[in-house]
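Input: a single structure, listed below in structure tokens.
Here, each number is a calculation from the coordinates, and none is a lab measurement. Since we're looking at a predicted model, the values are computed, not measured. All Cβ positions, even for glycine, are placed from backbone atoms using ideal geometry, and neighbour counts span all protein chains on display.
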Amino acid sequence: MKLSNILLLFLTVTGRIASAQQTTIAFTLKEKDLILEGLTYDSIYNVFYAGSIHKRKIITLVPGKSAVDFITEGQDQIGEVLGLRVDALRRLLWVCNNSGAEQTKKHWGVHVYDLATRKLIKKFELPPSDESHLFNDLVITKTGDVYITDSDFSSIYKVSLQGKLELFLTSEQLVYCNGITLSTDEKKLIVSSFKGVYQIDLTTKKMERMNLPGYHVFGLDGLYTYKRSLIGIQNTSFPESINQYFLSEDKASFSHAEVLATNLPEFDMPTTGVIAGDWFYFIANSQLGNYEKGEIIEESKLKDVVIMKVRLR
């Protein structure tokens, strides 16, 4: 979610913002009350999938065509849809699934769908408890292991299709952990929390903070690996922005950062995105600020949902 305002101001005044021509609208959705949060991409068939918190469903997006439902509202007892990722190798769609704040019977977990049939093939859930959880985002390794950030429990969970949902790591450094990705060699998780951005060794579980000299990078919503950099979305300080963080030579910290897009008129709490080729697609206006306890606060303020794209380098 966040980058310090000081860093953003520095990047702005030094001119390190991508030109307006590089950021364009990829999709416009007339279903204004979706409250989209998750976005992913199937590179094999050039199909995007987006998850709705309010409508509790998943939609399919194909360039040049109208959006259609992948699953309908509440299908398979799905709740609020947050992060979702395509496992292109196994032709699966993994979906973070949470009960809404207004529901008394809580559930947290992941649904797994067959991309070809659109059928639910597996569901993993935590056992009922009085604890507070929020399965927010996830990442998939080449071997099929899935790691999930649990924002409310300061934890990361792990699951595989033939395994079971289990706690991988909990730490006070993972306060409201959200964006999650993998190092290029897949030996480390990279996770953003309110305390900072951390690399976590998948074997030893050792955590090391990734620093940017002179600045504090923390709380990124979506987080993605692109070549020798990370793409992160910050949406809790103004102006909201899409940023690229370049890795140092040893890949243990950041050498510098650049702003790809900021303060666009379409922005209304951008949340997550996905890399497709050399483009980064992202939800520009989730409109989450107009949503509370399962209800739209002011329907008259809703706008068409916009997914934008910006070219990466």
Review point. In debye to the nearest 20, how big a dipole does the chain give about its Cα centre with +1 on each Lys and Arg Cβ and -1 on each Asp and Glu Cβ?
Key: 800 debye
Revision key, fill the gap. Distance in Å, no decimals, from the C-alpha centre of the range 296-313 to the one of the range 210-238 is 21 Å
Review point. Considering the dipole of the range 2-311 built from charges on the beta carbon (Lys and Arg +1, Asp and Glu -1) around the Cα centre, which of 140, 110, 223 is farthest to its positive end?
Key: 140
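Can you tell me the dipole magnitude for the range 150-189 around its Cα centre, using point charges on the Cβ only (Lys, Arg +1; Asp, Glu -1), in Debye to the nearest 20? Present the calculation step by step, with values, prior to reporting the outcome.
Working: 4 positive and 6 negative charges, 30 e Å.
The calculated dipole for the range 150-189 is roughly 140 debye.
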Check your understanding: Suppose every K and R has +1 on its Cβ and every D and E has -1 on its Cβ; what is the size of the dipole of the range 72-125 about the Cα centre, in Debye to the nearest 20?
Key -> 260 debye
Review point. Which of the GluC sites (Glu not before Pro) found in the range 228-286 are in a DSSP loop and have at most 13 neighbouring Cβ atoms, other than their own, within 10 Å?
Key: 249
Check your understanding: Under 26 Å from the Cα of residue 251, which lysines turn up, not counting those fewer than eight places away in the same chain?
Key -> 2, 142, 158, 187, 188, 195, 205, 206, 227
Review point. Going highest first, how would you order 84-93, 295-304 by mean Cβ packing within 10 Å?
Key: 84-93, 295-304
Check your understanding: Of 34, 289, 168, whose Cα points farthest to the positive end of the dipole of the chain (charges on the beta-carbon: +1 Lys, Arg; -1 Asp, Glu; origin at the Cα centre)?
Key -> 168
Revision key, fill the gap. For the chain, using Cα atoms only, the Rg and Dmax in Å read 18.1, 51
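How about the range 36-118: which chymotrypsin sites (Phe, Trp or Tyr not before Pro) there are in a DSSP loop, with at most 16 other Cβ atoms within 10 Å of their Cβ? Mind showing how you got there, number by number?
Numbers: sites: 41, 45, 48, 49, 70, 94, 108, 113; in loops: 45.
Answer by residue number: 45.
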Check your understanding: Normalised by the residues of the range 274-313, what does the relative contact order come to in percent, with Cα pairs under 8 Å and at least six apart?
Key -> 55 percent
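With a sphere of radius 10 Å drawn around the Cβ of residue 84, what net charge do the other residues whose Cβ falls strictly inside it have (Lys, Arg +1; Asp, Glu -1)?
On the way: positive: 85; negative: 37, 137.
Result for the local shell: -1.
Taking R0 as 25 Å, what FRET efficiency do you get between residue 250 and residue 204 from their Cβ-Cβ distance, rounded to the nearest 0.05? Provide the component values of the computation, followed by the final result.
Numbers: r = 17 Å, r/R0 = 0.70.
It comes to 0.90.
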Practice item. Summarise the long-distance tail of P(r) for the range 59-133 by giving the % of C-alpha pairs beyond 18 Å. Key: 43 percent
